[in-house]
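Below is one structure, written out as structure tokens, with a few remarks after it.
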Amino acid sequence: MTSVLTASDMRSADIGIEDVVLRYGQGENSVLALDGVSFHVDRNEFCAIVGPSGCGKSSLLYLVAGLEERTGGTIAVGGKPVTGPGANRGMVFQSYTLFPWLTVAQNVAFGPKRKGFPAAERREIVDHFLDEVGLTQFANHFPSQLSGGMKQRVALARALANDPEVLLMDEPFGALDSQTRTAMQALLLKVWDHTKKTVLFVTHDIDEAILLADRVLVMSGRPGQIKKAIPIGIPRPRNMDLVMEPEFIALKRDILGLLKNDEDGDH
Amino acid sequence: MSSESRLKSLFRPYKPIPRRLGIFLGIFVWVLVIIGWIALTYSGAVKAIFLPRPEEVVEATLKMAANGTLWEHMFASIQVVLIGFFVSSVVAVPLGLTMGTYRVVQAFLDPLVNFVRYLPVSSFVPLFILWIGIGIEQRVAVIIFGIFFQQLVMIADSARGVPRDLVNAAYTLGTSPGDTVRQVVFPATLPNVLDILRVTMGWAWTYLVVAELVAAKSGLGYISLKAMRGFQVDVIFMAIAMIGILGLCTDQIFRLVRKLAAPWDHGSSQ
């Protein structure tokens, strides 16, 4: 393995979110989606966000990606304020976003090609990340020939191949069946161990959040606010059997309680 | 499988049918049309002055093919359709994509385009003659006027329909807005644009007769009009059949082009 591709050489940065406000629309019909959200994600930290649907957790991710404009507050990645989308913030979306006209390999090569890597180096990067997600044999397939889980694996490889400082994941396994989802979680644990990218991971699946993250942020319903940050002290490497451990169940009970409180408050 | 359940399965919505059956049915429908045609004409149910016998149409075709007039008129029509289609498409594709991608262009063009596209083409023929004269340019103008605004609207719609997260994914990989349009919006709409071109090519053939009805000296529309004055129904039928066949040929060419140019997308037409 060449040095460009080892974990220690991969870029990673922290995320600072300060008093972020997001309001859709204007005047009486406007909706306050996020109201004063502040938190910090350390470099190389895996941070998950859970919250009731409509709490603005996905919007928050889009704001960090620079794909939406915030109404107020500041967001900085690696100390640099976010003013729009950029290659330093990779993203895996809930919907399938592979470019249908490109093969799997060409999809993964999209970022490196744009950055001007020569063909040989590009091929090396593509080979490495397709190997990471176990899809080497599918390099020349079109996305339409892949299953949902495979598409999301390629999307992960494509985001990582561009070597972003942070990886934003918006319910990336939300559309998958539960078996595929479990396999994807195991894969992500392994891949993250290799890359140690700063990850901001949005999900509505509490098990998924605890299993993957170093810290789980629990959000309240609309307008979204950070209710509590729960550190997950479970040592790595982790595996899927964790879900039956008392420690895991205790954490799950805490988070469920926080979410349930919120539901009760709504009615 | 029993023959009854096999028959049932043919009428299950969207279920594919055997390839051979598909080909057979495609030929069978023509056999039915020709049998119906023969029955109507030979039984005397329809007078020969309204509907010629099949062999009369074939004879007329062979005669005109032999003395060369058929090719001359066919060539004239192909020329008009192709030039009109080409000029229209060359402008409509980039403009339509721009219109669908940039809201400012859409806001500027939408009110105008949506007005003009409902104007009847035939009512512009006298104006075109006044403005352009009676040369081939006039006929080409009719074709362009007939399809350009439709192409524009459909292509803009297709560009508007590009999934937003596909565009977002490109942004998070570091593309600029301009690159995103070139590298994502254009290829994403390619299969659709080719479908739209195929459909509007068909419309171009249907506008041909409108274009050749007045002031033309050649073309399939022209000879059918001339034939009507002499009650040569067989020639009219021949001209209509030729336009249909030429339309079918261009349609098949477009299907092939689409298959080769967008191999990743099998579309709904296949």
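The values are calculated or read from the model by the stated rules, or taken from the named source; none is laboratory data. Model, not experiment: these values are computed from the prediction. Note: ideal-geometry Cβ built from the backbone for every residue, glycine included; neighbour counts use all protein chains shown. Areas reflect the complete protein model, heavy atoms only, side chains present, ligands, DNA and RNA absent. Shrake-Rupley method; radii C 1.70, N 1.55, O 1.52, S 1.80 Å.
Against the compact-protein benchmark of 2.2 N^0.38 Å, the Cα-based radius of gyration of the range A:40-133 scales to 1.30. Please find the FRET efficiency linking B:Val91 to A:Arg253, where r is the Cβ-Cβ separation and R0 is fixed at 56 Å, and quote it to the nearest 0.05. After rounding to 0.05, the efficiency reads 0.30. Using equal-weight Cα scatterers in the Debye expression, the normalised intensity of chain B in log10 at q = 0.11, 0.16 Å⁻¹ is -0.83, -1.23. Set the Förster radius R0 to 51 Å, insert the Cβ-Cβ distance between B:Leu82 and A:His194 as r into 1/(1 + (r/R0)^6), and round the FRET efficiency to 0.05. Efficiency at R0 = 51 Å is approximately 0.35. Adding -39500 (n - 2.57) for every DSSP H run of four residues or longer, then dividing by how many residues chain B holds, sets the calculated 222 nm ellipticity at -25500 deg cm²/dmol.
Based on the Kirkwood radius over alpha-carbon pairs, what is the Stokes-Einstein translational diffusion coefficient of the range B:88-188 at 20 °C with 1.002 mPa s viscosity, in µm²/s? After rounding, the answer is 141 µm²/s.
With coordinates expressed along the principal axes, the C-alpha atoms belonging to the range A:178-226 extend over 35, 25, 12 Å, beginning with the largest. The alpha carbon convex hull volume per residue for the range B:9-116 rounds to 267 Å³.
In a simple Cβ point-charge model (Lys, Arg +1; Asp, Glu -1; nothing else charged), the protein assembly as shown has a dipole of about 1560 debye relative to its Cα centre. If the label point is 7 Å along Cα→Cβ of B:Ile27, which residues in the range B:213-253 have backbone nitrogen under 13 Å from it? Answer for this model: none. Multiplying each eigenvalue of the alpha-carbon gyration tensor of the range B:119-270 by 5 and taking the square root yields semi-axes of 40, 19, 10 Å, largest first, rounded to whole angstroms.
Summarising the overall dimensions of the range B:187-270 from its C-alpha atoms, the Rg and Dmax are 16.6, 53 angstrom.
Taking a threshold of 22 Å on the Cα-Cα distance, which of the pairs A:Lys227/A:Lys252; A:Lys196/A:Lys227; A:Lys227/A:Lys260; A:Lys151/A:Lys228 fall above it? With Cα atoms farther than 22 Å apart: A:Lys196/A:Lys227; A:Lys151/A:Lys228.
Whole-Hz Karplus values for the range A:207-221 come out as 4, 4, 4, 5, 4, 8, 9, 7, 8, 10, 9, 9, 9, 8, x Hz, taken residue by residue from phi with 6.51 cos²θ - 1.76 cosθ + 1.60 and θ = phi - 60°; glycine and proline positions read x. Both the radius of gyration and Dmax for chain A are 18.5, 60 Å, in that order, over alpha-carbon atoms. In this structure the range A:52-130 gives 40 Å² per residue of accessible area when probed at 1.4 Å with all protein chains present.
Principal semi-axes of the equivalent ellipsoid, √(5λ) from the alpha carbon gyration tensor of the range A:1-159, are 33, 19, 14 Å from largest down.
Its Cα gyration tensor gives the range B:34-81 an equivalent ellipsoid, and the semi-axes of that ellipsoid, as √(5λ) in whole Å with the largest first, are 28, 12, 8. Remark on A:Gly36: its backbone amide H falls under 5 Å from those of A:Val20, A:Val21, A:Leu22, a criterion applied only to residues 5 or more positions apart or on other chains, H modelled at 1.01 Å from N. Taking a point 7 Å from the Cα of B:Cys249 along the Cα-to-Cβ direction, the residues of the range B:68-94 with backbone N closer than 20 Å to it are B:68-87. Plainly put, the range B:148-221 has a radius of gyration that is 1.25 times its Kirkwood radius, both from alpha-carbon atoms, as the Rg/Rh ratio. Our helix-only sum for chain A, with -39,500 (n - 2.57) per DSSP H run of n ≥ 4 divided by its residues, gives a mean residue ellipticity at 222 nm of -10500 deg cm²/dmol. Convex hull volume of the C-alpha atoms in the protein assembly as shown, normalised per residue: 246 Å³. For B:Trp203, the solvent-accessible surface with a 1.4 Å probe is about 90 Å², rounded to the nearest 10. Screening chain B for whole DSSP H helices of 27 Å or more along their axis (Cα) with average Kyte-Doolittle hydropathy at least -0.5 returns B:19-42, B:69-101, B:136-160, B:186-213, B:233-261. For the range A:137-177, with all protein chains in place and a probe radius of 1.4 Å, 44% of the accessible heavy-atom surface sits on carbon or sulfur. Distances between placed amide hydrogens fall under 5 Å for A:Met169 paired with A:Val92, A:Leu200, A:Phe201, A:Val202, all partners being 5 or more residues away or on another chain. Span-like helix check, chain A: qualifying full DSSP H segments, with Cα axial length of 18 Å or more and mean Kyte-Doolittle of -1.0 or more, are A:119-132, A:148-161, A:178-195, A:246-266.
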